[in-house]
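Since the structure comes first, as structure tokens, the remarks are kept for the end.
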Amino acid sequence: MDEVTLTPSAEEQRLAAALSELTRSIARWTEKGERHDTAVPGLSLFRREAPTEPACGIYEPSLCMVTQGAKRVFLGDDCYVYDPHNYLITSVHLPTLVQIHEASAEKPYLGLRLTFDLREISQLMADSKVPPPHPQSSSRGMATGRNTPALVGAVQRLVDLLDDEKDIPVLAPIIQREIIYRLLVGEQGARLRQIAVAGSQSQQIARAIEWLKGNFTKSFRIDDLAAQARMSTSTFHHHFRSMTAFSPLQYQKNLRLQEARRLMLAEHLDAASAAFNVGYESPSQFSREYNRLFGAPPLRDISNLRRSVVVGQPQ
């Protein structure tokens, strides 16, 4: 039987061309390093020339794209893979395990992250008649969606501003607004809408997450957080876990341990000092929980990191 060759559709051809152009742009701006924090607010570009080991990191509200290579993100028991065909969208701060699993010197991993200001999303929804969202089956604060020529093209125009930085203050907000619009009307737009709608349960949970992120060294009562969110304790606990894959206490513990790791690695604190700085009262409990999350006791883990790579923001 003769082999059937499928001709790419016009949409697929436009997407391939857009991704190819964006790949060239990211490659050019990351020639001198693995990470380039650009002059466009919230936009960072990344390159890796080899796969990475799994590493802990906090994903903030953002759009992440890969134009070459691929990456896995583990959130609780869920695994999200994004690559040139799929973007990753995150609507709240989430502690994750991340790994670049497709990268080489000949064909490096190339990607970008654009962080969101959720107030801008709310303002866009208030100012314009955004079409209804696609149905959504999960309330997780993270998801993947299919790239489109329109979305990739808008991101390309944002990256193009780096060639003439004087245009950034005027044009970047306009292009970022278009990117947010493309996401709001896309297959994962309902996630951003939930967070942006005043008084919604998702927005209340997002506010609780923001409080925990800013106060993770402090003790708290679940009942008090639930009351602030205007929910019963059981309802709050259910919605918090649905959005983050963690209970509030697990979420706090993860934030504490990641900050302690940063303090030991970047500021050379010893384990006991780092533990007390992030709110632990028992160094032995800190060591046990650290070992459970990172796979090694603090001293050994930090020594291993210093011999390999510095851990920072997820890329």
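Observations
Yes/no per residue for (1) within 30 Å of Arg146 (Cβ to Cβ); (2) of a type in the set (Gly, Ala, Ser):
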site: Leu192; (1), (2): yes, no
site: Trp211; (1), (2): no, no
site: Ser219; (1), (2): no, yes
site: Ala226; (1), (2): no, yes
site: His239; (1), (2): yes, no
site: Lys253; (1), (2): no, no
site: Gln258; (1), (2): no, no
site: Gln285; (1), (2): no, no
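- For segment 252-268, the count of residues that are assigned to a loop (DSSP other than H, G, I, E, B), surrounded by 13 or more Cβ atoms within 10 Å (Cβ to Cβ), in contact with a helix residue (DSSP H, G or I) (Cβ under 8 Å, 6 or more places away or on another chain) and at pLDDT below 95 is zero.
- Of the residues making up segment 175-234, just one is closer than 22 Å to Arg256 by Cβ and touching a Gly at 6+ places or on another chain (Cβ under 6 Å), namely Thr217.
- Only listed residue being in contact with a Gly (Cβ under 7 Å, 6 or more places away or on another chain), assigned by TED's automatic domain parsing to the domain that holds Leu88 and of a type outside the set (Asp, Glu), chosen from Gly141, Gly153, Gly145: Gly145
- You will find that of His239, His268, the residue that is more than 30 Å from Ser122 (Cα to Cα) and not hydrophobic (A, V, I, L, M, F, W, C) is His268 and no other.
- Residues being surrounded by fewer than 11 Cβ atoms within 10 Å (Cβ to Cβ) and within 26 Å of the chain's Cα centre (by Cα) - total across segment 271-297: 1
- Every residue from segment 38-61 that is at pLDDT below 95 and outside any loop (DSSP other than H, G, I, E, B): Ala55, Cys56, Gly57, Ile58, Tyr59
- Applying the criterion of being at pLDDT below 95 and of a type in the set (Asp, Glu) to the residues of segment 1-27, the residue that is farthest from His85 (Cα to Cα) is Asp2.
- Test: residue in segment 60-78 that is polar (S, T, N, Q), over 19 Å from the mean Cα position of the chain (by Cα), more than 24 Å from Arg14 (Cα to Cα) and in the same structural domain as Ser20 (by TED's automatic domain parsing): no
- From the options Ala245, Ala266, Ala274, residue that is of a type in the set (A, V, I, L, M), under 24 Å from Gly57 (Cβ atoms) and in contact with a strand residue (DSSP E or B) (Cβ under 7 Å, 6 or more places away or on another chain): Ala245
- Answer residue from segment 179-209, given it is small (Gly, Ala, Ser) and outside any helix (DSSP H, G or I) and is surrounded by the most Cβ atoms within 10 Å (Cβ to Cβ) among those: Gly186
- Of all residues in segment 210-235 being under 23 Å from the mean Cα position of the chain (by Cα) and part of a helix (DSSP H, G or I), the one that is surrounded by the fewest Cβ atoms within 10 Å (Cβ to Cβ): Gly214
- The number of residues in segment 55-92 that are β-branched (Val, Ile, Thr) and touching a Ser or Thr at 6+ places or on another chain (Cβ under 6 Å) comes to 3.
- Some residue of segment 170-178 being part of a loop (DSSP other than H, G, I, E, B), in contact with a helix residue (DSSP H, G or I) (Cβ under 8 Å, 6 or more places away or on another chain) and farther than 18 Å from Leu15 by Cα: no
- For segment 239-249, filtering for residues that are surrounded by 15 or more Cβ atoms within 10 Å (Cβ to Cβ) and either among the β-branched types (Val, Ile, Thr) or assigned to a helix (DSSP H, G or I) (or both) leaves 7.
- Residue check, Arg146 touching a residue at least 12 places away in the same chain (Cβ under 8 Å) and surrounded by fewer than 20 Cβ atoms within 10 Å (Cβ to Cβ): yes
- When residues of segment 18-77 are limited to those that are more than 23 Å from Gly214 (Cβ to Cβ) and among the hydroxyl-bearing types (Ser, Thr, Tyr), the one surrounded by the most Cβ atoms within 10 Å (Cβ to Cβ): Thr67
The values are calculated or read from the model by the stated rules, or taken from the named source; none is laboratory data. This structure is a prediction, so every number in the text was calculated from the model and none was measured. All Cβ positions, even for glycine, are placed from backbone atoms using ideal geometry, and neighbour counts span all protein chains on display.
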